[in-house]
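The values are calculated or read from the model by the stated rules, or taken from the named source; none is laboratory data. Everything quoted here is computed from the prediction, not taken from an experiment. Virtual Cβ from ideal backbone geometry, glycine too; neighbours counted across all protein chains shown. With ligands, DNA and RNA removed, areas are computed over all heavy atoms of the protein, side chains included. Shrake-Rupley method; radii C 1.70, N 1.55, O 1.52, S 1.80 Å.
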Amino acid sequence: QVQLVESGGGLVQPGGSLRLSCAASGIIFDIYKMGWYRQALGKPRELVATITSGDSTNYADSVKGRFTISRDNAKNMVYLQMNSLKPEDTAVYYCRLVTLNYWGQGTQVTVSS
């Protein structure tokens with residue numbers, strides 16, 4: 001049974017940083033493409049970043065240069081380092097096993113002074 005569990009969300013001031021983590025279980029983790037997505041209130045879910053099994057990354061234009069996705073295959077973990085956070089980054093952030101379309105439960109990120 002595949003499980004994805006996110007952690008690391010919270011309240012942060014504009015310009016601050018957060019690191020999200022996603023723990024995966026029930027899969028051979030290192031062969032799959034993983035991603036982070038987000039959904040702000042009243043808006044559709046959108047791609048934030050993805051990372052392939054070969055560590056190729058892709059980012060939404062809105063987060064390029066500020067966010068970094070990474071993975072640790074030995075620990076079955078994927079991370080999202082978020083720097084220079086803006087109020088418009090406020091959303092529920094979801095981890096996704098892209099290849100098989102599994103989703104985590106989400107973690108709230110709020111950027112506010």
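For this structure, a couple of remarks:
So that you can scan it fast, the table gives a plain yes or no per residue for (1) touching a residue at least 40 places away in the same chain (Cβ under 8 Å); (2) hydroxyl-bearing (Ser, Thr, Tyr); (3) open to solvent by 70 Å² or more (accessible area, probe 1.4 Å); (4) touching a helix residue (DSSP H, G or I) at 6+ places or on another chain (Cβ under 8 Å):
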position	(1), (2), (3), (4)
LYS33	yes, no, yes, no
TYR37	yes, yes, no, no
LEU47	no, no, no, no
ILE69	no, no, no, no
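- Which numbered condition VAL12 misses (of (1) of a type in the set (A, V, I, L, M); (2) open to solvent by less than 30 Å² (accessible area, probe 1.4 Å); (3) under 12 Å from MET77 (Cα atoms)): (3)
- Test for VAL92: is it touching a Lys or Arg at 6+ places or on another chain (Cβ under 6 Å), open to solvent by less than 60 Å² (accessible area, probe 1.4 Å), among the β-branched types (Val, Ile, Thr) and part of a strand (DSSP E or B): no
- Answer from ASN58, ASN73 - the residue that is more than 18 Å from SER17 (Cα to Cα) and touching an Asp or Glu at 6+ places or on another chain (Cβ under 8 Å): ASN73
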